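The block underneath contains the structure these notes are about, expressed in structure tokens.
The values are calculated or read from the model by the stated rules, or taken from the named source; none is laboratory data. All of these numbers come straight from a predicted model, not from anything done at the bench. Because the Cβ atoms are built from the backbone with ideal geometry, glycine has one as well, and the counts that use them run over all protein chains shown. Please note that ligands, DNA and RNA were not included when accessible areas were found on the heavy atoms of the full protein model with its side chains. Shrake-Rupley method; radii C 1.70, N 1.55, O 1.52, S 1.80 Å.
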Amino acid sequence: MIIAIDGPAGAGKGTLAARLADHFGFAKLDTGLLYRAVGLKVIQAGISLDDEHAATEIAAGLQASDMTDIAMLRRDETGNAASCVSAFPGVRAQLLAFQRDFANAPPDGAKGAVLDGRDIGTVVCPDAAVKLFITASTEVRAERRLNELQNRGLEAIYARVFEDMKARDERDEGREASPTAAASDAYVLDTGNLDAGEVFAKVLEYIDSKT
Ligand code: DC
């Protein structure tokens, strides 16, 4: 069984994916991490974020070891680079097979997989049994992100976080190649007024009703 979770940054996809994977004993793939790893390598190599050819070559050569420096991968600068390189069809094409293989043959004999990203229900796994689109207003997501940064002891101001998030959403939703979108058969959930436990409970109820 495949559970596809899509939605914009900061909507709560990651937390939900972890809870669902834990609950069902499924393998979990955070597909944003793949794009982040490409973006980070592009930055570290001093290559322009406009260079589709170079970014595609980097995506083609991606190794598991490129996914280990979680602190660097999670930085906002890396997220923005990921958003830039993820607009290139060549980069997306290089990462597609890995994602599909993970979904269809999850590691460690797991009976199912949970993948979260932007195009899982629409492009990567259009036949997924469960498709979720998790969203919230830009204001709510920026507020959550600000709290997260401040809790980690980092200096951040709301206006800057909000503008960065808006710019990233516009790029991810506006690109031609696999933009952020809800599949026509996705369960769309606005998490604005819900905490993580409530989101999980609503989604479990939905999955129960479907299966
Ligand atoms: O989910 P995230 O913030 O870690 O993703 C980083 C960027 O990667 C995001 O801005 C767009 C891109 N991405 C994508 O295009 N497709 C996916 N399936 C996952 C992420």
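Miscellaneous remarks
- Across the stretch 171-188, the qualifying residues are those that are under 13 Å from Ile134 (Cβ atoms) and out of contact with any helix residue (DSSP H, G or I) (no Cβ under 6 Å at 6 or more places or on another chain), and the one among them that is farthest from the ligand (Cβ to nearest atom) is Val188.
- Filter pass, Ser48 being without any contact (Cβ under 8 Å) to a residue 60 or more places away in the chain, hydroxyl-bearing (Ser, Thr, Tyr), part of a helix (DSSP H, G or I) and more than 14 Å from the ligand (Cβ to nearest atom): no
- Identity of the residue in the stretch 68-96, in a helix (DSSP H, G or I) and more than 12 Å from the ligand (Cβ to nearest atom), that ends up surrounded by the fewest Cβ atoms within 10 Å (Cβ to Cβ): Ala71
- The lone exception for Arg168 - which of (1) more than 26 Å from Asp127 (Cβ to Cβ); (2) surrounded by fewer than 13 Cβ atoms within 10 Å (Cβ to Cβ); (3) touching a helix residue (DSSP H, G or I) at 6+ places or on another chain (Cβ under 9 Å); (4) not hydrophobic (A, V, I, L, M, F, W, C) it fails: (2)
- For Thr211, the conditions (1) open to solvent by 40 Å² or more (accessible area, probe 1.4 Å); (2) under 26 Å from Tyr35 (Cα atoms) are fulfilled apart from (2).
- Residues considered: Glu173, Glu155, Glu205. Of these, the only one that is modelled with pLDDT under 95 and either open to solvent by 60 Å² or more (accessible area, probe 1.4 Å) or out of contact with any Leu (no Cβ under 9 Å at 6 or more places or on another chain) (or both) is Glu155.
- Gly39 touching a residue at least 12 places away in the same chain (Cβ under 8 Å), closer than 26 Å to Asp195 by Cα and within 14 Å of the ligand (Cβ to nearest atom): no
- Meets criteria (at pLDDT 95 or above, among the aliphatic types (A, V, I, L, M) and surrounded by fewer than 21 Cβ atoms within 10 Å (Cβ to Cβ)) for Ala17: no
- Candidates Glu170, Glu143, Glu148, Glu155 - the one that is free of Cβ contacts under 8 Å to residues at least 60 places away in the same chain, in a loop (DSSP other than H, G, I, E, B) and either under 16 Å from Thr31 (Cβ atoms) or not hydroxyl-bearing (Ser, Thr, Tyr) (or both): Glu155
- For Thr15, the conditions (1) touching a helix residue (DSSP H, G or I) at 6+ places or on another chain (Cβ under 8 Å); (2) free of Cβ contacts under 8 Å to residues at least 40 places away in the same chain all hold with the exception of (2).
- Among the residues listed as Ala17, Ala103, the single one being farther than 27 Å from Ser137 by Cβ and either part of a strand (DSSP E or B) or in contact with a strand residue (DSSP E or B) (Cβ under 6 Å, 6 or more places away or on another chain) (or both): Ala103
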